[in-house]
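Right, one structure below, let's go through it.
The values are calculated or read from the model by the stated rules, or taken from the named source; none is laboratory data. Here the structure is a predicted model, which is why all the values come from computation and not from measurement. Positions of Cβ are generated from backbone atoms using ideal geometry, with glycine treated the same way; all protein chains shown enter the neighbour counts. For accessibility, only protein heavy atoms count, side chains too; no ligands or nucleic acids. Shrake-Rupley method; radii C 1.70, N 1.55, O 1.52, S 1.80 Å.
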Amino acid sequence: PKEYFIYLGLGFSIWSTISSSLNSSPLIFEINSENLLNLKINPVFYVLEEWAFQIQTFCQSFLLIIFFLIFLSPIVIVNLFLFAPIHLINLFLLLLWLPLLICLAASRFQDIYQLIPILTQLIFLLSPIFYYERDLGYLSKITSYNIIYQTLGLLRDSIIKGELHFYKSIILLFANILMIIISLSIFNKLKKKLIFYV
């Protein structure tokens, strides 16, 4: 029960931030439509503002979770500082490029904001967050292609087990950097058209 509680607490707290970021991203430009039309601020500012808010919220809730988990397993605080930093960077990078792509798509296709909560629920059900990866049996292979779960799982394992997973984390880091470059490139091509969509 103690191990499962730690597993569940970390997994759910990380997932809450990811799902909150994804679910709020389709409306970023719509909420700021008046500013986009009347001010000369680069539209990416509003994405970065939401990104900073999500990171701040995550840090507050995650540190609180860690504080309580220390009483169950003091090693988590050591693992957090020794093994988790690169996985936290991967999480923060994911929370930048994926919402950016979603809000760009949502500015053009208004119905996307209705689909994102459904997709996040499906991802949640297909990801070992409330259950162990081994419980998926032969379907556990699908988690290898789920970049959202890979980010979550590597961070959680680094804190619980003290595992760095160096090669996976480096590959994920390069994938995140590549996706940021791609998403910013798409943004630069579409930013002048945003005023027609909002």
**OP:** Could you check, for region 26-43, whether at least one of its residues is within 23 Å of LEU172 (Cα to Cα) and surrounded by 15 or more Cβ atoms within 10 Å (Cβ to Cβ)?
**Re:** no
Original post:
Looking at this structure, is ILE159 open to solvent by less than 70 Å² (accessible area, probe 1.4 Å), closer than 25 Å to PHE109 by Cβ and touching a residue at least 40 places away in the same chain (Cβ under 8 Å)?
Top reply: no
Original post:
Within region 124-156, how many residues turn out to be in a helix (DSSP H, G or I), modelled with pLDDT of 85 or more and open to solvent by less than 30 Å² (accessible area, probe 1.4 Å)?
Top reply: 8
Original post:
Just wondering, is there one or more residues in region 51-59 that are under 18 Å from the mean Cα position of the chain (by Cα), among the aliphatic types (A, V, I, L, M) and at pLDDT 95 or above?
Top reply: yes
Original post:
Between residues in region 133-151 that are touching a residue at least 24 places away in the same chain (Cβ under 8 Å) and among the basic types (Lys, Arg) and residues that are open to solvent by 30 Å² or more (accessible area, probe 1.4 Å) and in a helix (DSSP H, G or I), which pairs lie under 8 Å by C-beta distance while being six or more apart or on different chains?
Top reply: none
Subject >> Members of region 157-172 that are in a helix (DSSP H, G or I) and charged (D, E, K, R) >> reply: ASP157, LYS168
**OP:** Answer yes if at least one residue in region 92-109 is out of contact with any Cys (no Cβ under 6 Å at 6 or more places or on another chain) and open to solvent by 70 Å² or more (accessible area, probe 1.4 Å), and no otherwise.
**Re:** yes
**OP:** Could you tell me which numbered condition ALA175 fails, if it satisfies all but one of (1) assigned to a helix (DSSP H, G or I); (2) at pLDDT below 95; (3) not β-branched (Val, Ile, Thr)?
**Re:** (2)
Original post:
Looking only at region 186-198, which residues are surrounded by 15 or more Cβ atoms within 10 Å (Cβ to Cβ) and aromatic (Phe, Trp, Tyr)?
Top reply: PHE187, TYR197
**OP:** Could you grab the pairs with beta carbons closer than 6 Å, sequence gap of 6+ or different chains, first residue in region 1-13 and more than 11 Å from ILE65 (Cα to Cα), second one open to solvent by 20 Å² or more (accessible area, probe 1.4 Å)?
**Re:** LYS2/LEU72
Original post:
Inside region 61-88, can you point out the residues that are closer than 12 Å to GLU163 by Cα and open to solvent by less than 50 Å² (accessible area, probe 1.4 Å)?
Top reply: VAL76, ASN79, LEU80, ALA84, ILE86, HIS87
Original post:
For region 162-185, what are the residues that are open to solvent by less than 70 Å² (accessible area, probe 1.4 Å) and either of a type outside the set (A, V, I, L, M, F, W, C) or touching a Phe, Trp or Tyr at 6+ places or on another chain (Cβ under 6 Å) (or both)?
Top reply: GLY162, GLU163, LEU164, HIS165, SER169, ASN176, MET179, ILE180, SER183, SER185
